[in-house]
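Written below as structure tokens is the structure these notes are about.
Each value in this text was obtained by applying a stated rule to the coordinates, not by laboratory testing. Because the structure is predicted, anything quoted here is derived from the model rather than measured. Glycine gets a Cβ as well: all are built from the backbone with ideal geometry, and neighbour counts include every protein chain shown.
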């Protein structure tokens, strides 16, 4: 290299570092450089943090890399790490199990002992994403009938102790806790741990709304409605409350003139709801429960009446990544901890994931994980770490195709915002992540030349709208296709 070219290359690196978006110099990335450099001329993006990494799957060469490589908030692209780990550890055919069991003996039509529902961490019981899972209580009643049980002399015991009692990660923010996307993982999860608040709003704006009903009915729920009508035609209502109790305050606005507007909220105690529903169903089917309802660990000497299985893990992971379901990701994280330590906790799940990828030879320095879904703002990872994990899943995993197919394509899942003409023939498979002032994308991209790429784009602390951030990312991805 002559002195002129050496000085020119140094100058280019200095200029790019100054705008916090330096890239490894490659012959065909000038378009990418220009796009990223142009962000610095936009006041709303000038102070943002940018993380970029692009790798060629075939050669393993990192084509583009931000300098310095910073740990940034990933939002929901962290789900790809959680789901990849779960897929590697459990395999695509793994199914969660929920057992209906009993202690004691059955004589004639009487169970002399306790009836037990033993949770196995299944996130899909009654889930709206898996309609076939909604009949599980009917299957349990059938199992009791098949055993000719008409009287239960003992208690109805619900055992959710496979996971810690704290459903919500400690680093989630107050505004998220009571809302539908803030549902926490329980050893016995039901109906996606969600309930619906039905409200009626008057024809005029800024008026109080009327609470119509709650579906399903939540035992002990105390709901304080402070929602008002609004000219804004969208759901701006938020639910606040301590996740350890059943008092909730609903604040904000819903559109005016609505006869039945639904606001979805996270369930405070899914195990209690399941107990209430199943006790009612027992009575409706003329099965007498003489004891009471207990929430505790079941006995070791139990006989199984029925075993309810979840869909295969590959199907749950596909929904998790397509629809960005926080609850499912938190279940995976806790179940990873359970298989390692015998107790499903968020803290041990995070430690397990980081160590798992360290053991694969990845540099996890600066990888900070505080939940499985990416909802915590305490999470921080580098773009290169994200790409390294995705590259492993594409080139070394026995379940590469299952993972690849779990990511949305343009026009589906979380990628409906991109234009089909920019990414034809499903050339883009990716997961998006967003929260206030955060927009990230991570996945796989086939270039115009047929090159198979892994990429991650992380944009933190921008001052523009999410729509504008999405547009800028899409433009950058179009440039990636030219590599």
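Averaging over all projection directions, the Cα-based convex hull of segment 114-161 occupies 3.9 nm² in the image plane. One compactness figure for segment 86-140 is 1.49, namely its Cα radius of gyration divided by 2.2 N^0.38 Å. Using Cα atoms only, what is the angle between the long axis of helix 383-395 and the major principal axis of the chain, expressed in degrees (0 to 90) to the nearest 10? The angle comes out at about 70 degrees.
Using a basic spin-label model with each label point 7 Å from the Cα along Cα→Cβ, how many nm lie between residue 341 and residue 259? Using points 7 Å along Cα→Cβ, the separation is 5.3 nm.
At an R0 of 45 angstrom, the distance between the Cβ atoms of residue 359 and residue 41 translates into a FRET efficiency of 0.55.
Using the Cβ-Cβ distance between residue 482 and residue 307 with R0 set to 56 Å, the FRET efficiency from 1/(1 + (r/R0)^6) comes to roughly 0.60. Mean sequence separation of contacting Cα pairs (under 8 Å, at least six apart), scaled by the length of the chain, corresponds to a relative contact order of 22 percent.
The stretch between residue 249 and residue 281, if pulled fully straight at 0.36 nm per residue, gains 8.5 nm over its current Cα-Cα span. Projecting the alpha carbon convex hull of the chain along each direction and taking the average yields 25.3 nm². Computed on segment 351-463, with alpha-carbon pairs under 8 angstrom and 6+ residues apart, the relative contact order is 17 percent. Calculated from the alpha-carbon coordinates, segment 174-266 shows an Rg and a Dmax of 13.1, 44 Å respectively.
Once the Cβ-Cβ distance between residue 323 and residue 61 is put in as r, and R0 is 30 Å, what FRET efficiency do you end up with, to the nearest 0.05? That gives a FRET efficiency of 0.35. Across segment 316-467 the C-alpha pair distances fall into 5 Å bins from zero in the proportions 2, 9, 15, 21, 24, 16, 9, 4, 1, 0 percent.
Once the Cα-Cα distance is subtracted from the 0.36 nm per residue extended length, the residue 400 to residue 200 segment shows a gain of 67.2 nm. Summarising the label geometry, the points placed 7 Å from Cα in the beta-carbon direction at residue 461 and residue 234 lie 2.5 nm from one another. Each Cα pair under 8 Å and six or more residues apart adds its sequence gap; the mean of these over the residue count of segment 174-266 is a relative contact order of 38 percent. Available extension along the chain between residue 421 and residue 171 is 86.0 nm, counting 0.36 nm per residue and deducting the alpha carbon span.
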